[in-house]
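Participant: Just passing along the structure, written as structure tokens.
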Amino acid sequence: MLRQAESPPTLASVRAVIFDMDGVLFEGRNFWLDLHRCFGGDAAEAQQLLDRYVESDYDTLAEKIVGELWRGKPADPYFELVARRKYQPGAKETVAALRSQGIRTAIVTAGPDLLADRAQKDLGIDLIRANGVEILDGHLTGESKIAVRDSEKGEVGLEVLGELGVGPAAAAAVGDGDADAYLARLVGTSIAYDTSSERLLEAAQHCLHYGELERVVEILGEESPA
């Protein structure tokens, strides 16, 4: 069941929107899993590690994948995957419409910082929080740069809102995964996009299907951009 808002806020009352990245702004559900495949890794093995550690012990997950399986791998497949990742339909239009209304935007994701950097430059995102891997002499060193743990996504989102000078009641969040439910419960407006996550659907006030991202603006009280 979707959590029902008592009175949906108008766009004028929403001052910031936090987006997840994989599956929301960009195509693809999990960049890191796709990168593992690019490295020739066993996707089933990586998925087992994700299922075991992604919420209970993110640092151990990073050590087992980045520190053990990826140490010494060439960085070129990483750069190439960042470059060829496609935006979701309506992503550019949605962020542009929000910015035109003076709405601040942010990305909070466990995905790669290089992809978040790209979105920030392309779309004009105000703030980003994302994870990364250390690269030296064209290869991954095995060290991780962790800014967002799945189980702490709500806390990171609140920190970002604090930096933007916006309270959670005046913020919206758009996500597609289990971890996004943490933030969905803390903000004034929560939107699940193209998701099968029961946890997020339980927490979110609104649900959009694939290709309906531009309806975020409509939900926030404004006509969708043309």
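The values are calculated or read from the model by the stated rules, or taken from the named source; none is laboratory data. Here the structure is a predicted model, which means the values were calculated and not measured. Ideal geometry is used to build each Cβ from the backbone, glycine not excepted, and the neighbour counts take in all protein chains shown.
Participant: Could you go through segment 164-175 and let me know if any residue there is within 27 Å of Arg52 (Cβ to Cβ) and either of a type outside the set (Lys, Arg) or not in a strand (DSSP E or B) (or both).
Facilitator: The answer is yes; a qualifying residue exists.
Participant: Can you find a residue that is under 15 Å from the mean Cα position of the chain (by Cα), on the phi < 0 side of the Ramachandran plot, aliphatic (A, V, I, L, M) and part of a loop (DSSP other than H, G, I, E, B) anywhere in segment 129-143?
Facilitator: no
Participant: Of the conditions (1) without any contact (Cβ under 8 Å) to a residue 60 or more places away in the chain; (2) surrounded by 18 or more Cβ atoms within 10 Å (Cβ to Cβ), Gly162 satisfies every one except a single condition; which number is it?
Facilitator: Here Gly162 meets the rest and fails (2).
Participant: Take Glu202 and decide whether it is in a helix (DSSP H, G or I), among the acidic types (Asp, Glu) and in contact (Cβ under 8 Å) with a residue 40 or more places away in the chain.
Facilitator: When the stated conditions are applied, Glu202 passes them.
Participant: Would a scan of segment 100-109 turn up a residue that is at positive phi and either of a type outside the set (Ser, Thr, Tyr) or touching a Leu at 6+ places or on another chain (Cβ under 7 Å) (or both)?
Facilitator: yes
The rows are residues; the columns are (1) within 24 Å of Arg149 (Cα to Cα); (2) in contact with a helix residue (DSSP H, G or I) (Cβ under 6 Å, 6 or more places away or on another chain); (3) buried (at least 17 other Cβ atoms within 10 Å of the Cβ); (4) without any contact (Cβ under 8 Å) to a residue 24 or more places away in the chain.
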site	(1), (2), (3), (4)
Asp42	yes, no, no, yes
Thr60	yes, yes, no, yes
Trp70	yes, no, yes, no
Lys73	yes, no, yes, no
Arg84	no, no, no, yes
Gln88	yes, no, yes, no
Thr94	no, yes, yes, no
Arg104	yes, yes, yes, no
Ile107	yes, yes, yes, no
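Participant: Here's something else I'd like to know. Being part of a helix (DSSP H, G or I), small (Gly, Ala, Ser), modelled with pLDDT of 95 or more and farther than 19 Å from Arg215 by Cα is true for just one of Ala116, Ala97. Which residue is that?
Facilitator: After ruling out the rest, the residue left standing is Ala116.
Participant: A follow-up question, please. Show me the helices (runs of 4 or more DSSP H) entirely contained within segment 26-77 in which 2 or more residues are closer than 30 Å to Leu213 by Cα.
Facilitator: Per the criteria, 31-38, 43-53.
Participant: Out of the residues in segment 173-184 that are in contact (Cβ under 8 Å) with a residue 60 or more places away in the chain and out of contact with any strand residue (DSSP E or B) (no Cβ under 6 Å at 6 or more places or on another chain), state the one that is nearest to Ile103 (Cα to Cα).
Facilitator: Gly175
Participant: Please work out if Ile125 is in contact with a helix residue (DSSP H, G or I) (Cβ under 8 Å, 6 or more places away or on another chain), assigned to a strand (DSSP E or B) and either β-branched (Val, Ile, Thr) or buried (at least 18 other Cβ atoms within 10 Å of the Cβ) (or both).
Facilitator: No; evaluated as a whole, the condition is false for this residue.
Participant: For a quick check of your reading of the model, give me the residue pairs whose first member lies in segment 46-57 and is in contact (Cβ under 8 Å) with a residue 24 or more places away in the chain, whose second is surrounded by 14 or more Cβ atoms within 10 Å (Cβ to Cβ) and part of a loop (DSSP other than H, G, I, E, B), with beta-carbon atoms closer than 9 Å and at least 6 apart or on different chains.
Facilitator: Listed by first residue and then by second, the contacts come to Val54/Arg149; Val54/Asp178; Val54/Ala179; Glu55/Arg149; Glu55/Asp178; Glu55/Ala179.
Participant: Would you be able to tell me the number of residues in segment 37-48 that are in contact with a Leu (Cβ under 9 Å, 6 or more places away or on another chain) and under 15 Å from Asp76 (Cβ atoms)?
Facilitator: So the answer is 2.
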